[in-house]
Amino acid sequence: MDDLKPLLAFAAVLEHGSMNAAAQALGMTPSAVSQHISRLEKLHGVKLLHRSTRRLAPTDAGQVLGEHCRRLLATVRDTRLALSGLKTDIAGSVRLAAPTGLANAAAFRRALLRLSREHPALQIDLQLGEALADLREGGIDIALRGGEHALDAPELIARKLAEWPWRICAAPDYLKTAPPIAQPADLAAHRWVYHQPPQLELACGRERRPLSISSGLRCNQIAAVRPLCEAGLGLALIIQGEAADAVQSGSLQIVLPEWRLPAVALYAVTPHRIQSARIAAVLRILQESFAEPPAAAEAT
């Protein structure tokens, strides 16, 4: 086992970017980490790191060895998680990160209600925000991610929860006084509430029409789009799962429902494949809740 410590130390240095950060992650002193790296270099007669006062960077040999060491470190972590998962008690804290807008999604709220009802000993630490949560730093157990950047880190494990299309929504009061909308070309005459100008395409059968939004009320927080749209400030793009309950209650209407927009895939992402009992329970309930058939309003 002593032969593995230098390899694990080297993997931690590459993962965290410095001796100090690696030492903190491993529960060692920076001096001990440095000695492990020096031992590797001396034993095998290769230089593994370029050292400077500002940063550490792997040499060519270090990059080759680093790939093997990362896999070794991942195996050690999975083994520890497997041992932890042998415990049958589903209790303790689970740190769950999600986009703020998911608080509007019935599927997400169903999952939270089921967790509180079925596993009262679980403490869910819910962290809502638009920034992409970094699971590699160890601060988050599960991150719900959607969109094109959800799977940017190939070492993370992603489980698909849902695929929700974008919908054009508006408040009924806004539509009463706004110009009528019978086809995509009519959208140009309307105000919009939006976060980022989209590059999307509307489809109906074989017909295709680009959707262009360049004017209106622009929000720096995407979670603000839905309440502002409900307030009657204009049209908005909202993913189906987040708009469904508002459509069902009548506070929002779907505009041009026969025209389809691309869908956003939503994933539950974890840093490891093997999970403890408590995290496995949360993942299972998330998957089951998001897989439930949508209400009739969601399908319109």
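Laid out as a table, the results:
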quantity: Sequence ranges 228-237, 260-269, 173-182, ranked by mean other-Cβ count within 10 angstrom, highest first; calculated: 228-237, 260-269, 173-182
quantity: Assigned charges on the beta-carbon of Lys, Arg, Asp, Glu; the chain dipole about Cα centre (debye); calculated: 540 debye
quantity: Cα-based convex hull volume of the chain per residue, rounded to whole Å³; calculated: 166 Å³
quantity: Of all accessible heavy-atom area on the chain, the percent that carbon and sulfur account for (1.4 Å); calculated: 53 percent
quantity: Between the stretch 199-239 and the stretch 1-67, the alpha-carbon center distance in angstrom; calculated: 49 Å
quantity: Solvent-accessible ranking of Arg145, Arg51, Arg273, largest area first, probe 1.4 Å; calculated: Arg273, Arg51, Arg145
quantity: Label point at Arg208 placed 7 Å out along Cα→Cβ; residues across the stretch 250-280 whose backbone nitrogen lies under 13 Å; calculated: 262
quantity: Nearest-ten-degree value, helix 30-44 long axis tilted from longest Cα axis of the chain; calculated: 70 degrees
quantity: Rounded tilt (10° steps) of 277-291 against the dominant C-alpha axis of the chain; calculated: 20 degrees
quantity: Coordinate range along principal axes, alpha carbons of the stretch 143-264, Å, largest first; calculated: 51, 33, 27
quantity: Per-residue SASA entry for Lys5, accessible area with 1.4 Å probe, Å² rounded to 10; calculated: 90 Å²
quantity: Per residue accessible area in Å² of the chain, where ligands, DNA and RNA are left out and the probe is 1.4 Å; calculated: 54 Å²
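The values are calculated or read from the model by the stated rules, or taken from the named source; none is laboratory data. The structure displayed is predicted, hence computed values, not measured ones. Ideal geometry is used to build each Cβ from the backbone, glycine not excepted, and the neighbour counts take in all protein chains shown. Just the protein is used for accessible areas: all its heavy atoms, side chains included, with ligands, DNA and RNA removed. Shrake-Rupley method; radii C 1.70, N 1.55, O 1.52, S 1.80 Å.
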